[in-house]
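Following: one structure in structure tokens, then a few remarks.
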Amino acid sequence: MHRATPPLSWFRAFECAARHLSFTRAAEDLGLTQSAISQSVRSLEMRLDTPLFVRKHRGLALTDAGRQLFPEISQALNQIQLATHRLETPTETREITIASSISFAQWYLRPHIPEFQNAHPHIQLRLVTALWPDDFVASKADIEIRFGSHNQVGRGAKPIGPDKLIAVASPQGLSAGGATLTWEDLQTRPFINVHGTSNSWARWTRTLGLSPVPKTRITVDAYGAAIELAVHHGGITLTSAVAAAPALKAGKLVIAYPGETPPIDQYFLAIKKDRDTAHIQTCRDWIDKLVETALSA
């Protein structure tokens, strides 16, 4: 008597982990937790009574059994997907317009739009970058991602993140022979100011009890520009943790000085009235996942 075939979810977790050689990447692809992927693979290994991966400190490697199983499972899952697509009722393509602050579009949306389009070919994204309130009105967007105070962004907007104000710089910009820099040491570095935001160096240093207040040598008009300048060793900038998270996670930035304060201005997301459709919710879930992943570093 044959035993029952293992659940399809176990094979899907194995195939995705084998493709990326990472439980973390597999979890991101499948929208699951890393522990769920690991448990599914472990259950499959116990069911087959053979290890499929060698767990290494910096990733995974397939065993001989894993290398033998991977192409067969991959082909079988592709066949299931093709068979399903043939029978599905064609979905009407829908265009979703996202009006976003320049910095959020630069660090979050633009790098990941190709992934979204591959996962959701029936949704066409139209991305409009905006800076001033009139820009958002003119865009007639389905989803708005604005930076400002709660009063400025309008009723129904919800904060993105948990956010906080942090001081960041490139690793090279803080290089001091391995020594920890004091606040006085940092005064020799260029400080970057972002014009048009209430999140000032003066308020940040006062809240943390630091002195002197840094004299900013460079002023820019958006967090995106400030972060880009800091990444290229242009100095130390005070910025939103949400805005800086992708660069921090990639190792392009580091915390310049320990300390954080609550923001006055931050990123908000709003969906236009009467447009909260399933397609728009898919876009919102995608944006929430991008931020969650970046902040998990």
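The values are calculated or read from the model by the stated rules, or taken from the named source; none is laboratory data. Note that the coordinates shown come from a computational prediction; the quantities given were computed from them, not determined experimentally. Every residue, glycine as well, gets a Cβ built from its backbone with ideal geometry; the counts of neighbours run over all protein chains shown.
Scan the range 221-233 for residues that are more than 15 Å from ASP265 (Cβ to Cβ) and buried (at least 17 other Cβ atoms within 10 Å of the Cβ) and report the count.
Keep residues of the range 221-233 that are more than 15 Å from ASP265 (Cβ to Cβ), which gives 225, 227-233.
Right, trim to buried (at least 17 other Cβ atoms within 10 Å of the Cβ) and you get 225, 227-231.
So the count comes out to 6.
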(request) Check off (1) of a type in the set (D, E, K, R); (2) modelled with pLDDT of 80 or more; (3) within 21 Å of ARG284 (Cβ to Cβ) for GLU184 and give me the number that stays unchecked. (result) (3)
(request) Restricting attention to the range 54-78, report how many residues are more than 10 Å from ALA18 (Cβ to Cβ), in contact with a Ser or Thr (Cβ under 9 Å, 6 or more places away or on another chain) and touching a residue at least 12 places away in the same chain (Cβ under 8 Å). (result) 3
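On the basis of being touching a Lys or Arg at 6+ places or on another chain (Cβ under 7 Å) and at pLDDT below 80, does VAL153 make the cut?
Numbers: touching a Lys or Arg at 6+ places or on another chain (Cβ under 7 Å): yes; at pLDDT below 80: yes.
Yes; evaluated as a whole, the condition is true for this residue.
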(message) Exactly one condition in (1) under 29 Å from LYS289 (Cα atoms); (2) modelled with pLDDT of 85 or more; (3) touching a helix residue (DSSP H, G or I) at 6+ places or on another chain (Cβ under 7 Å) is false for PRO6; which is it?
(response) (1)
(message) ALA202 - would you say it is at pLDDT 85 or above, among the small types (Gly, Ala, Ser) and farther than 27 Å from SER100 by Cβ?
(response) yes
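Against the condition free of Cβ contacts under 8 Å to residues at least 12 places away in the same chain and either buried (at least 19 other Cβ atoms within 10 Å of the Cβ) or among the hydroxyl-bearing types (Ser, Thr, Tyr) (or both), how does SER198 come out, does it pass? Explain how you work it out, then say what you get.
Details: free of Cβ contacts under 8 Å to residues at least 12 places away in the same chain: no; either buried (at least 19 other Cβ atoms within 10 Å of the Cβ) or among the hydroxyl-bearing types (Ser, Thr, Tyr) (or both): yes.
So SER198 does not fit the description; no.
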(request) Assess whether GLY224 counts as being assigned to a helix (DSSP H, G or I), farther than 24 Å from GLU184 by Cα and under 22 Å from the mean Cα position of the chain (by Cα). (result) yes
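Please pick out the residue among THR219, THR207 that is more than 24 Å from LYS249 (Cα to Cα), in a helix (DSSP H, G or I), β-branched (Val, Ile, Thr) and touching a residue at least 12 places away in the same chain (Cβ under 8 Å).
Numbers: THR219 fails: in a helix (DSSP H, G or I).
So the residue among THR219, THR207 that is more than 24 Å from LYS249 (Cα to Cα), in a helix (DSSP H, G or I), β-branched (Val, Ile, Thr) and touching a residue at least 12 places away in the same chain (Cβ under 8 Å) is THR207.
Given the residues GLN117, GLN187, which is the only one that is farther than 19 Å from PRO263 by Cα and in contact (Cβ under 8 Å) with a residue 24 or more places away in the chain?
Every option except GLN187 fails the conditions.
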